[in-house]
1. Please compute the modelled spin-label separation between residue B:24 and residue B:563, points set 7 Å along Cα→Cβ, answer in nm with one decimal.
2. Please list B:391, B:617 in order of solvent-accessible area, largest first, computed with a 1.4 Å probe with all protein chains present.
3. Over the range B:505-673, what is the relative contact order in whole percent, taking alpha-carbon pairs under 8 Å and six or more residues apart?
4. What accessible area, in Å² to the nearest ten, does a 1.4 Å probe give for residue B:478?
5. Step through the residues of the range B:105-111 one at a time and calculate ³J(HN,Hα) from phi using the Karplus curve (6.51 cos²θ - 1.76 cosθ + 1.60, θ = phi - 60°), rounding each to whole Hz and writing x for Gly and Pro.
6. Quick one: compute the contact order of the range B:134-315, relative version, from alpha carbon pairs under 8 angstrom and 6+ residues apart, as a percent.
7. Quote the FRET efficiency, to the nearest 0.05, computed for residue A:132 versus residue B:241 with a Förster distance R0 of 56 Å and r equal to the Cβ-Cβ distance.
8. Return the carbon/sulfur percentage of the accessible area of the range B:515-673, one whole number, probe 1.4 Å, all protein chains in place.
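The values are calculated or read from the model by the stated rules, or taken from the named source; none is laboratory data. Computed from a prediction, not measured in an experiment: that's the story for all the values here. For neighbour counting, all protein chains shown are included, and Cβ atoms are generated from backbone atoms with ideal geometry for every residue, glycine included. What goes into the accessible areas is simple: the full protein's heavy atoms, side chains included, and nothing from ligands, DNA or RNA. Shrake-Rupley method; radii C 1.70, N 1.55, O 1.52, S 1.80 Å.
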Amino acid sequence: MKFAVVNFPGSNCDMDLYYAIKNGIKQEVELVDYRALSLEGFDGVLIPGGFSYGDYLRSGAIAAHVPIVKEIIRFADEGKLVLGICNGFQILTELGLLPGALIPNEKSRFICENVDLKVINNQTIFTRDYQASEIINIPVAHGEGRYYCDEATLMELKQNDQIVFQYQENINGSIDQIAGITNKQKNVLGMMPHPERALEKILGSDDGLKLFQSIINYQRVNN
Amino acid sequence: MPNKSSRVIAGPGEDAGILDIGDNQAVVFKAESHNHPSAVEPYQGAATGVGGIIRDIFSMGAQPIALLNSLKFGPLKNGQTKHLVNEVVAGIGGYGNCIGLPTVGGEISFESCYEHNPLVNAMCVGILNNTDFKHGTASGDKNLIVYVGAKTGRDGIHGATFASDEFTDTNNKQRSAVQVGNPFIEKLLMDACVEIIEKHSEWILGIQDMGAAGLVSSTAEMASKAGSGLVLNLDKVPQRETEMTAYEMMLSESQERMVLCVKPEYVENVLDFFRNFELDAVVIGQVTTDNRQYKIYHHDELVTDIPVDSLTEDVPEYDRPEKQPQRMIDDKNYHFVPEITSLKDTWMKMITRPNIASKKHFYQTYDSQVKANTLVRPGGDAGVVRIQGTKKAIAMTNDSNSKYVYLNPFVGGQITVMEAARNIVASGGLPIGVTDCLNYGNPENPEAFWELDKSVEGIATACEVLDTPVISGNVSLYNEYNDVAIYPSPMIGMVGLIEDIETLTTSAFKAADDLIYVIGQTADDFNGSELQMEQLGQLKGNLRDLDLKKEKLHLDIVRQAINQNLLASCHDLSEGGLAIALSKSAFENDLGFTVKTELSAAQMFSETQSRFLVSVKPENQGSFEKLVQEEFELLGRVTNNQQFTVTTRDTTFSLDEKLVKNDWKEAISCLMM
């Protein structure tokens, strides 16, 4: 498989994600500039964490207006795989590819911590290698990671099995302890925790590896 | 200070020092203080301290890999101090998190003398892949001076002189002297500078950060080092405000700006390169070699024409009168004798002292894992970051114990270095170099100058024994409020090399039945201790001389034990002594211990130097004891019953691990409410 890591000005987990693909699951990967106009030839698009344009406005708000986003939207609409992590998740909600919003943490402080997540839906392209209800340990690092949506949207998320990860302990005040969701079609995943930082035991956890392996295993089975 | 070793590629006088770590790679590091700006505008003061130190690293061509910090405040008693602490911590996190560098270590302590004059020291460590690159000079006739980065405004004018002024009730509001940071711009600038030096070093002759005293000091230093002259045209300088005078532009300390010296044939390449990162990049001047004058034009008028060296080389040197502080003479023979009626109660009290309690409340707001190379996060003895693509890792620590330096500047200086070394060695690293921030009061006061002089001597003697050259550093003087000085507070930033990450060691006990040892003898060292502060409420007495030979021997033994894979855990003994080290080693994996010792209850809190707390798997007992030979005591075993059971020669008690841990963990959060 060939992945694009989209590099926005201020992205700072771009190389972490690059190495996760290159060394973690040994697939092809390229950094794609935010000014690029095409994602032709890629099988998956990854939007990394960081502080795009400094996030001085709402997180991800300015990044949602750069040239590459039209192509990301086309890519998602065609049912191709899009993964946004942390700032990537924030950008995906700003683009409207995922419902809801990410607002400042309940305690208004940045939090960097290894947290336990529960895999709520293990039937997605991104999670099929996990057991249902498996508890995994993945780092978070964010100041604006509190997921919010209205009641109707939450109902919809539940009915369509769009909630993929929940925090075991609600570290940031997210509604329904949501840590990651997909769109209705399940080809776009946004999550605040950083699976790309959890690929090796020596870094504290390798529980993130299965997320990336799920993607290539799915591709293998379906090609 | 010693500044030579077989590893030194660049030492003091550059933006940062460089040490060879083999395989054509080098480690680059420096620490810097931002004390006064942080007192006036804590968020921006701390944030721009971080931003400035990062620029010092990437201006050497190195890729920054980690940040550390050392912070000192007044006691967490009033709202103003809590505000300062919250804002400084937020500023440090705000900058480091946004630019995407992990903050992997540091320290925070609280003493009354810092209430109106907090200390904010930040350190950055980087890896240099192009060890041939020559940095920081402006040489060669007609070569061009290029300005890159943020626009120049009126912020930070006189920042450097303000930083060297004293605070009093009537003089504490120079807000305009504080700079404002923009980590987003710095991220672009960092990525661009690292890439241009790695890939296109032939385009550029020099590169330097615009730090203290902005354009004037950076350009003059570059010209001076190259032995050339310089002409600048200020009309070309990108400006954020209108009607700025030449004086304002030259002295502005607006952040996130660099100057480069570029060969004329590559100037378009360089400008295009930076513009691709959406950064301002313009030619603002030229190198001259016909004379060594520093000339500035503004609105077509020559506004400055002076010899370059008058700005950089011909600096005044001061030899101030000095005098041993009276307190040292008065209290020379005083020995604090603690009183312990209940070891259990004292243990619980000590574990919640702000200087000892967990600092997680603060450091969990720092991203410690971005870049996915952090092996040991804050909370351990040293932060450890691996070097991608190799088996190596860099261990790093920031240490200071100003209480000791206050009681005896010479011995205190030595202890500061050795404590840093113990932190590095306990992590499995070999100490290879040092940077420092020397924070003191007014040197015109003879007692303060004596403290500065003696503690620097102490630092120098300790560094010589360790073969750790001091390759960079920073001095912050006039840290006073209403004529009362802070404790003399040298901060040591030490870097260690771990050749193979397999030897990485942490302070946490690993498994039940492992044997617990203390390496080094424990005596009645209570002067300057946390126990003295707890029971007497003040510092008093002298310190014993530090046996540097013995210290070195213990460091070497621990290194050998780690390299032979004999230690399950290793922890430096520092504030609060054995009692605190045992507790902290047990917390991470929620283990307990049963300990029986000939020491007294009070000695459990003694702060005798040159000691380590280690745990050893039972099957390694023979090899370990044979290696250490003497000066160790087998204290007991790690248990999995979550009980701390301690028998000293005068008392015995048992405590629930969960209870102790909870108090240790929550103490700071409670105080910050």
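1. The two pseudo-label positions are separated by 2.7 nm.
2. My answer, sorted largest first, is B:391, B:617.
3. 36
4. Residue B:478 has an accessible surface of roughly 40 Å² with all protein chains in place.
5. x, x, 8, 9, 9, 9, 9
6. 40
7. E(calc), rounded to 0.05, equals 0.40.
8. Carbon and sulfur: 44 percent of the exposed surface of the range B:515-673.
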